[in-house]
Amino acid sequence: MPDYLPLCASRQDLLPPVCRACAWWQIPGGGRECTVAAGEKRRQWMIAVESTWGSPGLLLERTEASARPASASSGMPEDPDDPGGSSADLTAAASIHYAPAAAVPRLRSLPFAPPERGSVLLFCLRSEENRAGPQARRILHKALGQLKDRGAQEVYAFAGLVGSPEDNERCEFFSLHFLESNGFQPVRDNGDIYLMRADLRGLLSLISQVETAVRRVLRNDPSPSPAAWTHRGT
């Protein structure tokens with residue numbers, strides 16, 4: 001079974017170096033710079049969010065079966081202190097960030113922001129697989145479930161049309177197709193950036209039903225009853 005861990009400041013060393021030194025969402029403007037100063041801003045931001053709200057993200061811990069050498073193509077730079085990719089400095093297999101929208105400084109620089117007070121923003125999905133693959137989907141669904149357990153009812157995310165869903169180097173925004181295929185709906189857009197919304201009150205039960213149906217097909221199990229696809233409350 002996958003092992004998920006809360007992403008907190010003390011676990012940032014499990015992220016790839018390019019993530020640890022990036023603070024694109026944690027500052028109100030500027031480009032995407034990976035520097036020591038940006039990494040410190042990011043760390044301080046995480047500590048502040050943890051102290052008032054809780055862990056601002058989720059990690060999928062790499063298992064031995066998914067571990068691979070640093071020379072493998074992952075879209076991530078090698079750690080200069082450990083070019084061989086030793087087991088002592090393995091990065092997480094996947095990660096995703098989330099925080100109260102009001103606590104994300106970058107929103108002040110974007111064309112629009114989530115309209116609801118107390119809403120949660122998802123951002124910075126990174127995966128060893130492509131960013132639309134099963135691994136990315138699993139950590140997204142796990143994050144949505146944990147956010148619902150923490151009382152969130154609506155979650156927002158930004159999607160863009162730049163690059164391909166497999167481009168791990170463009171992690172500022174999600175793929176529009178990826179979010180739409182996982183239950184998010186567009187709220188507004190400016191032609192380049194899309195604000196997407198998911199209502200957790202009905203989405204998670206639907207995701208569970210779809211995944212159960214897929215498992216039944218893969219195992220050649222009997223088809224589920226049509227009643228299994230009924231939305232709660234509809």
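The values are calculated or read from the model by the stated rules, or taken from the named source; none is laboratory data. Just so we're clear, the structure is a prediction, and the values are computed from it rather than from any experiment. In this analysis, Cβ positions are derived from the backbone assuming ideal geometry, glycine residues included, and neighbour counts consider all displayed protein chains.
Laid out as a table, the results:
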{"quantity": "Those residues of segment 19-42 which are assigned to a helix (DSSP H, G or I) and more than 21 Å from LEU125 (Cβ to Cβ), in sequence order", "calculated": "VAL36, ALA37, GLU40"}
{"quantity": "Residue list for segment 114-136, restricted to those being within 23 Å of VAL187 (Cβ to Cβ), modelled with pLDDT under 90 and within 13 Å of the chain's Cα centre (by Cα)", "calculated": "ARG131, ALA132"}
{"quantity": "Scan of segment 137-172 for residues that are at pLDDT 90 or above and within 25 Å of ASN190 (Cβ to Cβ), ordered by number", "calculated": "LEU140, GLU154, VAL155, TYR156, ALA157, PHE158, ALA159"}
{"quantity": "Segment 133-149 residues that are of a type in the set (Gly, Ala, Ser), paired with ones that are in a helix (DSSP H, G or I) (beta carbon under 7 Å, 6 or more apart)", "calculated": "GLY145/LEU204"}
{"quantity": "Residue match in segment 185-202 (condition: at pLDDT below 95, outside any strand (DSSP E or B) and under 14 Å from the mean Cα position of the chain (by Cα))", "calculated": "no"}
{"quantity": "Test: ALA102 is assigned to a loop (DSSP other than H, G, I, E, B) and aliphatic (A, V, I, L, M)", "calculated": "no"}
{"quantity": "Boolean, SER127 is of a type in the set (S, T, N, Q) and in contact with a helix residue (DSSP H, G or I) (Cβ under 8 Å, 6 or more places away or on another chain)", "calculated": "yes"}
